[in-house]
Amino acid sequence: MKALPPALAAAVGPVPEGVTLPLPPVFDTVEEERRHRKEQLAAGFRLFGRFGFSEGVAGHITVRDPERQDAFWVNPFGRSFHRIKASDLILVDHEGTLFHGDRPVNRAAFVIRSQVHAARPDAVAAAHAHSLHGTAFSSLGIPLDPITQDACAFFEDHGIYDDYRGVVNEREEGERVAKALGSYKAVILKNHGLLTVGHSVAEAVWWFVTMERSCQAQLPAMAAGTPRPIDRETALITRGQVGTPLARWFQARPLWDRITASDPDLVD
Ligand SMILES: [Zn+2]
């Protein structure tokens, strides 16, 4: 492990003597980093399975290869999220060329992801699933409101794609999804579900989990009355506080602790 990057060290601030703070790993070799990304991806699928985000064969998480920036790792089509191991993952490029693996890729996953990864070089990972509350909320065609501290993470930082035309199978549709995502951390695909991106698998998965929860909170709040949102200035400050790279990574730690302890075979 190398020393922390200066920006991250500044974000952590002074750590009292004798206190050990969990920190994101830094890698010496591309092979180490690839292995880590694949293990994180397998763990992400196991978590999605535990959260009940799977719906048949729908849903996918991807992570860019650390060496081949035009290629990304994704789940083999049709394999249960609950069973995915690091060795099951397949590597494809933006043109659909298969570099690693012996299973087909979900065509819809490839079309969306290739355009999102191409349009957003900073998006190392992306997550999408047909989760219950995300899909229900998506039918409203409205953005998430800053009605809770957690929902502030998405305040003025997610788009809405409202041009649903059936299962995504055309590159042009992937381009439109990428355009709706813009520079945001997430996009609500109307009548379809949520899509989140991040600088790591942990970040993309965390944004998906907490966005799904924010949808789950806003739906009953709207059904019960008229939610009173947090004011814009406070919402923006809160978004900044929960949105630092370390905060994003740290928020996801309990999930990773849980899944790596319960599912040690995911790294196989
Ligand atoms: Zn979908």
Filtering region 184-209 down to residues that are hydroxyl-bearing (Ser, Thr, Tyr) and modelled with pLDDT of 95 or more, which residue is surrounded by the most Cβ atoms within 10 Å (Cβ to Cβ)? Thr196
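Among residues belonging to region 57-84 that are within 16 Å of the chain's Cα centre (by Cα) and part of a loop (DSSP other than H, G, I, E, B), point out the one that is modelled with the highest pLDDT.
Residue satisfying both the conditions and the ranking: Asp65.
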In region 49-63, what residues are away from the ligand (no atom under 11 Å from the Cβ) and closer than 13 Å to Val74 by Cβ? Ile61, Thr62, Val63
What are the pairs with Cβ atoms under 8 angstrom where one residue, in region 45-60, is polar (S, T, N, Q) and the other, located anywhere, is buried (at least 19 other Cβ atoms within 10 Å of the Cβ) and not in a helix (DSSP H, G or I)? Sequence gap at least six, or different chains. Ser54/Ala129
Being farther than 13 Å from His60 by Cβ, in a helix (DSSP H, G or I) and in contact with a Gly (Cβ under 9 Å, 6 or more places away or on another chain) is the filter here, so list the residues in region 178-209 that pass it. Lys179, Ala180, Leu181, Ala202, Trp206, Trp207
For a quick check of your reading of the model, give me the residue pairs whose first member lies in region 92-113 and is in contact (Cβ under 8 Å) with a residue 60 or more places away in the chain, whose second is assigned to a loop (DSSP other than H, G, I, E, B) and surrounded by 15 or more Cβ atoms within 10 Å (Cβ to Cβ), with beta-carbon atoms closer than 6 Å and at least 6 apart or on different chains. Ala108/Val168; Val111/Val168; Ile112/Val168
With criteria (1) over 25 Å from Leu47 (Cα atoms); (2) more than 16 Å from the ligand (Cβ to nearest atom); (3) touching a residue at least 40 places away in the same chain (Cβ under 8 Å); (4) surrounded by fewer than 23 Cβ atoms within 10 Å (Cβ to Cβ), Glu173 comes up short on (2)
Residue count, region 109-141, condition closer than 14 Å to Leu194 by Cα and within 16 Å of the ligand (Cβ to nearest atom), comes to 18
Might you let me know whether region 210-232 holds any residue that is buried (at least 20 other Cβ atoms within 10 Å of the Cβ) and within 14 Å of Ala125 (Cβ to Cβ)? no
For Asp102, state whether it is more than 13 Å from the ligand (Cβ to nearest atom), among the charged types (D, E, K, R), over 21 Å from Pro227 (Cα atoms) and in a loop (DSSP other than H, G, I, E, B). yes
Among the residues listed as Ala151, Ala178, Ala204, Ala221, the single one being within 16 Å of the ligand (Cβ to nearest atom) and out of contact with any strand residue (DSSP E or B) (no Cβ under 8 Å at 6 or more places or on another chain): Ala178
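The values are calculated or read from the model by the stated rules, or taken from the named source; none is laboratory data. In this text, all values refer to a predicted model and were calculated from it rather than measured experimentally. Here Cβ is always computed from backbone atoms with ideal geometry, including for glycine, and neighbour counts include all displayed protein chains.
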